[in-house]
2 protein chains.
Amino acid sequence: MKVAFLGTGIMGGPMAVNLVKAGHDVTVWNRTAAKAQLVQDACGARVAISPAEAAADCQIVWICVSDTAAVERVLLAEDGVLGVARPGLLVADSSTISPVASQNFAARLRERGADLVDCPVTGSKRGAEAGELIFIVGGKQESIERLEPLFSAMGQRVFAIGGNGMGLVAKLAMNLNIALIFQGFAEGLVLAEKGGVRVRQMLEIIGATMLRSGVVEYKGPFIERRDFTANFPLALMLKDIHLMLDFARENRVKLPALETVEEIYTVAAEEGLAGADYAAILTLLEKWAGLRSPAPTPVEAR
Amino acid sequence: MKVAFLGTGIMGGPMAVNLVKAGHDVTVWNRTAAKAQLVQDACGARVAISPAEAAADCQIVWICVSDTAAVERVLLAEDGVLGVARPGLLVADSSTISPVASQNFAARLRERGADLVDCPVTGSKRGAEAGELIFIVGGKQESIERLEPLFSAMGQRVFAIGGNGMGLVAKLAMNLNIALIFQGFAEGLVLAEKGGVRVRQMLEIIGATMLRSGVVEYKGPFIERRDFTANFPLALMLKDIHLMLDFARENRVKLPALETVEEIYTVAAEEGLAGADYAAILTLLEKWAGLRSPAPTPVEAR
């Protein structure tokens, strides 16, 4: 299929490469052109100079950018996708953004006969590279079916949740789980360490009991190596937490533990951890407990 | 071995039965005598009228009661174990209590030539019945070794963490993980439900991704059936949360998300959920979100 891939960062880059490897005809665009160039170097994809140029003669536009404002720019700016939207054009948006904004974007595209599916992903950078992402999808059934060959090139599984925006709602609920699983792990670790229990002992206990989780299995080795290089940057998790709390407020839902986690992440970002992995929240708790020097590895230095 | 088993409730009852089944000579005592009687009916264990009587001619005293005050009563009351403590007597305490209090109890027993090992358990009622508990142990190595035949009669695994009190520190850190994993699950579920995502869909996504956890695997089916009968009563989880926060304060550790969870559990207890399973915290969040009528199944009514 002819695909325009807009946004070739940590997740989008390897996703676009996997589309090319699966035989699709891919044109990439990225706000910072150098990152689009990396994809061209890796797999020979064409590079476009604007979202509109990339989308002009494609059937599918795939978006993977960092936030609601970035999707808005890609779709609605003067050189955006909406300008070339036409019947048959299908936009798949893998960005984690506001569900309500996504519903509005879908409505704008439908006015031109095009359509939009929200299809945020889970599986981290590693899953993106391995083509093992999981897509959580909201939109019209026939549009979701059209995307099948592309989903299977980049991922291992598709959960079709319901109408527009519902993929995003489920994705936000997922990241809420991740943030709180990790928060419990980090607070537990600090408590245990203060009592003389070692990280390795806690990880063994967690792995052997009902405390085991995919999150700690994945993050545990990084924690042991004190490697806080961004895999899922803290700033992006904080952005997602804001989306969750916005959606909660709009829908009169009280999420008290998440509100506290939002405060902790805000402090962490202010203290220079925004570019580190969200797991670096542990270093802030350790600092508060007087346990270690903070100093996660600066991201840019690696 | 000759064992006095003190405290035959949800966990202690099946633990004592498993000791008898493994061929040990067990005398049981319980504050509410009827529960000790149930163990006698189930397996023929003798029933004693006081902790001291139960412990008088035993080599090992196993304790499994609900809180620090109950252990203090069992050990230090006029008819308590300390009165019959002598060289060679070994007390194994599976209650989840204050690590510092446990260290003090150990010191009192050592003055009489006896010893104490803290060996809190994990694995829930179901694990106690199946003899598949996991013991998290603090104390002297030689005392822990003496308990080996009893550990293996009741459990599947023993983690020897370090000196006295360290089993308890690790256990508190474990329950902190459990409380926050479940909190994330519950807050995520309420958010998702408000956006039209069904519980079954969230459980499927969780099971297929790095969000999967032993906690949600275990609790998921109960949540789907809306069965909040106490397996791990909310009041006991709240008691453990207080122990965590006490230990944190004593050691100058800040546990912000846990503090918020403590507030939520306190409200839940005030609203009549103390006797329900801790999973009933979900019903409180649902009520706050206007999602369902609260009404978990009253525990005593079943």
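The values are calculated or read from the model by the stated rules, or taken from the named source; none is laboratory data. Since the structure is predicted, the reported quantities are computational estimates derived from the model, not experimental observations. Positions of Cβ are backbone-derived with ideal geometry, glycine not excepted, and every protein chain shown enters the neighbour counts. SASA here: full protein model, heavy atoms, side chains in, ligands and nucleic acids out. Shrake-Rupley method; radii C 1.70, N 1.55, O 1.52, S 1.80 Å.
Per-residue answers, yes or no, for (1) under 17 Å from the mean Cα position of the chain (by Cα); (2) polar (S, T, N, Q); (3) open to solvent by less than 20 Å² (accessible area, probe 1.4 Å):
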site: A:ARG200; (1), (2), (3): no, no, no
site: A:PHE228; (1), (2), (3): no, no, yes
site: A:ALA248; (1), (2), (3): no, no, yes
site: A:ALA280; (1), (2), (3): no, no, yes
site: A:THR283; (1), (2), (3): no, yes, yes
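Kindly indicate whether B:ALA192 is buried (at least 24 other Cβ atoms within 10 Å of the Cβ), over 25 Å from B:TRP288 (Cα atoms) and either within 7 Å of chain A (Cβ to nearest Cβ) or modelled with pLDDT of 95 or more (or both).
Judged against the criteria, B:ALA192 is not a match.
In the list A:ALA153, A:ALA173, which residue meets the criterion of being at pLDDT 95 or above and more than 7 Å from chain B (Cβ to nearest Cβ)? Spell out the reasoning first.
Values: A:ALA173 fails: more than 7 Å from chain B (Cβ to nearest Cβ).
Testing whether each residue is at pLDDT 95 or above and more than 7 Å from chain B (Cβ to nearest Cβ) leaves just A:ALA153.
Return the pair list, or none, for Cβ contacts closer than 8 Å from residues in segment B:162-177 that are open to solvent by 10 Å² or more (accessible area, probe 1.4 Å) to residues that are assigned to a helix (DSSP H, G or I), at least 6 apart or on different chains.
B:ASN164/B:SER102; B:ASN164/B:GLN103; B:ASN164/B:ALA106; B:MET166/B:PRO99
Of the numbered conditions (1) more than 9 Å from chain B (Cβ to nearest Cβ); (2) open to solvent by less than 10 Å² (accessible area, probe 1.4 Å); (3) touching a Gly at 6+ places or on another chain (Cβ under 7 Å), A:ALA128 fails exactly one; give the number of that condition.
So A:ALA128 meets the others, but not (3).
For the structure I just gave you, tell me whether B:VAL199 is at the interface with chain A (Cβ under 10 Å from one of its Cβ atoms) and touching a residue at least 24 places away in the same chain (Cβ under 8 Å). If you could, list the steps in order and put the result at the bottom.
Values: at the interface with chain A (Cβ under 10 Å from one of its Cβ atoms): no; touching a residue at least 24 places away in the same chain (Cβ under 8 Å): yes.
For B:VAL199, the condition - at the interface with chain A (Cβ under 10 Å from one of its Cβ atoms) and touching a residue at least 24 places away in the same chain (Cβ under 8 Å) - is not met.
If a residue has to be of a type in the set (D, E, K, R), closer than 27 Å to B:GLY165 by Cα and either touching a residue at least 24 places away in the same chain (Cβ under 8 Å) or in contact with an Asp or Glu (Cβ under 6 Å, 6 or more places away or on another chain) (or both) to count, how many in segment B:211-251 make the cut?
Within segment B:211-251, residues that are of a type in the set (D, E, K, R), closer than 27 Å to B:GLY165 by Cα and either touching a residue at least 24 places away in the same chain (Cβ under 8 Å) or in contact with an Asp or Glu (Cβ under 6 Å, 6 or more places away or on another chain) (or both) number 4.
For (1) in a loop (DSSP other than H, G, I, E, B); (2) within 14 Å of another protein chain (Cβ to nearest Cβ), each residue gets a yes or a no:
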site	(1), (2)
B:GLU204	no, yes
B:MET210	yes, yes
B:ALA230	yes, no
B:VAL261	no, yes
B:GLU270	no, no
B:ALA280	no, no
B:LEU291	yes, yes
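Please find, within segment B:141-153, the residue that is least open to solvent (accessible area, probe 1.4 Å) out of those that are among the charged types (D, E, K, R) and more than 22 Å from the chain's Cα centre (by Cα).
Filtering segment B:141-153 for residues that are among the charged types (D, E, K, R) and more than 22 Å from the chain's Cα centre (by Cα), the one least open to solvent (accessible area, probe 1.4 Å) comes out as B:ARG146.
Going by what's in this entry, would A:ARG252 be described as surrounded by fewer than 20 Cβ atoms within 10 Å (Cβ to Cβ) and more than 9 Å from every other protein chain (Cβ to nearest Cβ)?
no
B:LYS239 passes all but one of (1) farther than 25 Å from A:LYS194 by Cα; (2) open to solvent by 10 Å² or more (accessible area, probe 1.4 Å); (3) of a type in the set (D, E, K, R); which number fails?
(1)
Listed residues A:SER94, A:SER66, A:SER124, A:SER98; which is touching a strand residue (DSSP E or B) at 6+ places or on another chain (Cβ under 6 Å), closer than 22 Å to A:PHE159 by Cα and polar (S, T, N, Q)?
A:SER94
Looking at A:LEU75 and the list (1) in contact with a helix residue (DSSP H, G or I) (Cβ under 9 Å, 6 or more places away or on another chain); (2) in a helix (DSSP H, G or I); (3) under 28 Å from A:ILE178 (Cα atoms), which single condition is not satisfied?
(3)
Output the residues belonging to segment A:24-72 that are modelled with pLDDT of 95 or more, of a type in the set (S, T, N, Q) and buried (at least 16 other Cβ atoms within 10 Å of the Cβ).
The answer is A:THR27, A:ASN30, A:GLN40, A:SER50, A:THR68.
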